[in-house]
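Participant: Following this message is one structure expressed as structure tokens.
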Amino acid sequence: MSEIKDIKMASAGEMKIEWAKKHMPVLSFLEKRFEADKPFKDVKVSLSVHLEAKTAYLCRVLKSGGALMSVTGSNPLSTQDDVAAALVNGGIDVYAWHAATAQEYERHISMTLDHKPDVVIDDGADLSEALHTRDKSKACNVIGACEETTTGLLRYRAREKNKTLMFPVVAVNDADCKHLFDNRYGTGQSVWDGIMRTTNLVVAGKAVVVAGYGWCGKGIALRAKGLGARVIVTEVDPIRAMEAAMDGYDVMPMDDAAGLGDIFVTVTGCNDVIRKKHFKKMKDGAILSNAGHFNVEINIPELESLSKSNHTARHNIMAYDLGGKMIYLLAEGRLVNLAAGDGHPAEIMDLSFAIQALSLNYLIQNKGKLENKVFSVPRDIDIEVAELKLKALDLSIDSLSDEQRTYMFGETI
């Protein structure tokens, strides 16, 4: 029933999943709770998230709670075939393989929806977009979705604004225990892990251009600075630009930064952030990478049209000859931290996926009660995940006395 590369790779994937599990204590706690309570008994869940070890453990945690899982990846280059095989070996339906063509990727999305899900877990909203367009007939049972990313929420909120959203959506990305840690610390570390392991070059002393200064951009810039780079930030939001300046970074338009950068990282959620006029200004040897969800932030067709030829310079690095200078593109312009690395650290995804699991439970508990809108994660879920993580870290904090509660809130709570 599944469609994966090779089931014989399962043992290698199992080792990866077990390693991740040992470093995800909050999700492990929830797994035990779900095994006892079965909150997802017979609930059909379609999931599209980067298919690697941490995601695989989330799938198993949901399955332990009774969920009927149907799984695919959210990016053709981030799927790890051994992990996919391990999931299938454990009784979960998987439709994905590494380096899928655009047609194969879309087919896998549709196959993941064939069981007509009750709930959807999305990373970039590809499952939900399919349910709103070509796979509408499979949306008959959907009570809601949980969205992992900023990019996905842009798509959902556009549908909400246009009044075409077919079901309620929980904005997992916006939870404090997601974006404050996953987007900042997770992206910040994993992007540089992907760039450094792919290029094997030093970061210190180089000019790094970070396009976009949201939470992900903040993390990427901070780690670049820590590695000894000169950091330049480009932005379209004046408030974020001012924040970047006060954080000690140079701020300028991409038109000016293009000729200065040694390494470029786009993380805006928009398209055409780096395009023809910028390629023409770049230094010989400039390295381009993307950390936004879709591979549209760097205009690759325009780069190809400018180049006299291109060739593979190293695994996951394409060299473009612009006549007198070379420009290098990492991981086909796809998410560099996943297409050229293992993604966010396990301890970080422990928080994000705990939010996902509890948000899924919230949707089920509120079936039929929510409008077709984008909703924030309930604050008590954020607090619970933070408390569980602090406990796992063996950390304790103060609590307010009754007198302090009265002072702060005007009454005893």
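The values are calculated or read from the model by the stated rules, or taken from the named source; none is laboratory data. Here the structure is a predicted model, which means the values were calculated and not measured. A quick note on method: Cβ atoms are made from the backbone with ideal geometry, for glycine too, and the neighbour counts reach across all protein chains shown.
Participant: All but one of (1) touching a helix residue (DSSP H, G or I) at 6+ places or on another chain (Cβ under 7 Å); (2) within 24 Å of residue 349 (Cα to Cα); (3) among the small types (Gly, Ala, Ser) hold for residue 110; state the number of the condition that does not hold.
Facilitator: Among (1) touching a helix residue (DSSP H, G or I) at 6+ places or on another chain (Cβ under 7 Å); (2) within 24 Å of residue 349 (Cα to Cα); (3) among the small types (Gly, Ala, Ser), the lone unmet condition for residue 110 is (2).
Participant: Answer yes or no: is there a residue in the range 331-352 that is loosely packed, with under 14 Cβ neighbours inside 10 Å and of a type in the set (Lys, Arg). Talk me through it step by step, then tell me what you get.
Facilitator: Taking the range 331-352 and keeping what is loosely packed, with under 14 Cβ neighbours inside 10 Å, we get none.
No, the conditions are met nowhere in the range 331-352.
Participant: While we're here: Which pairs have Cβ atoms under 8 Å, sit 6 or more apart or on different chains, and link a residue in the range 107-121 that is in the same structural domain as residue 372 (by TED's automatic domain parsing) and on the phi > 0 side of the Ramachandran plot to one that is in a helix (DSSP H, G or I) and not acidic (Asp, Glu)?
Facilitator: Cβ pairs passing all conditions: 116/138.
Participant: Restrict the check to the range 12-32 and report whether at least one residue is modelled with pLDDT of 95 or more and within 21 Å of residue 125 (Cα to Cα).
Facilitator: no
Participant: Might you check whether a residue that is part of a strand (DSSP E or B) and either surrounded by 16 or more Cβ atoms within 10 Å (Cβ to Cβ) or under 21 Å from the mean Cα position of the chain (by Cα) (or both) occurs anywhere in the range 184-194?
Facilitator: No: the range 184-194 contains no residue that is part of a strand (DSSP E or B) and either surrounded by 16 or more Cβ atoms within 10 Å (Cβ to Cβ) or under 21 Å from the mean Cα position of the chain (by Cα) (or both).
Participant: More than 21 Å from residue 342 (Cα to Cα) and of a type in the set (A, V, I, L, M) - does that describe any residue in the range 211-226?
Facilitator: For the range 211-226, residues more than 21 Å from residue 342 (Cα to Cα) and of a type in the set (A, V, I, L, M): present.
Participant: Among the residues of the range 1-47 satisfying the criterion of being polar (S, T, N, Q) and either in contact with a strand residue (DSSP E or B) (Cβ under 9 Å, 6 or more places away or on another chain) or under 26 Å from residue 116 (Cα atoms) (or both), which is surrounded by the fewest Cβ atoms within 10 Å (Cβ to Cβ)?
Facilitator: Of everything passing the filter in the range 1-47, 2 is surrounded by the fewest Cβ atoms within 10 Å (Cβ to Cβ).
Participant: Right, something else. Condition test on residue 124, is it touching a His at 6+ places or on another chain (Cβ under 7 Å) and surrounded by 20 or more Cβ atoms within 10 Å (Cβ to Cβ)?
Facilitator: yes
Participant: Further question: Would you kindly identify the helices (runs of 4 or more DSSP H) lying entirely within the range 205-261 that contain at least 1 residues that are acidic (Asp, Glu)?
Facilitator: The qualifying helices (runs of 4 or more DSSP H) are 238-246, 254-257.
Participant: Moving on. Which residue pairs have Cβ atoms under 8 Å apart, sit 6 or more places apart or on different chains, and have a first residue in the range 237-255 that is among the hydrophobic types (A, V, I, L, M, F, W, C) and a second that is in a loop (DSSP other than H, G, I, E, B)?
Facilitator: Filtered contacts from the range 237-255: 241/213; 241/235; 244/213; 244/235; 251/235; 254/273.
Participant: Residues of the range 37-68 being under 20 Å from the mean Cα position of the chain (by Cα) and hydrophobic (A, V, I, L, M, F, W, C), which ones?
Facilitator: 45, 47, 49, 51, 53, 56, 58, 59, 61, 62
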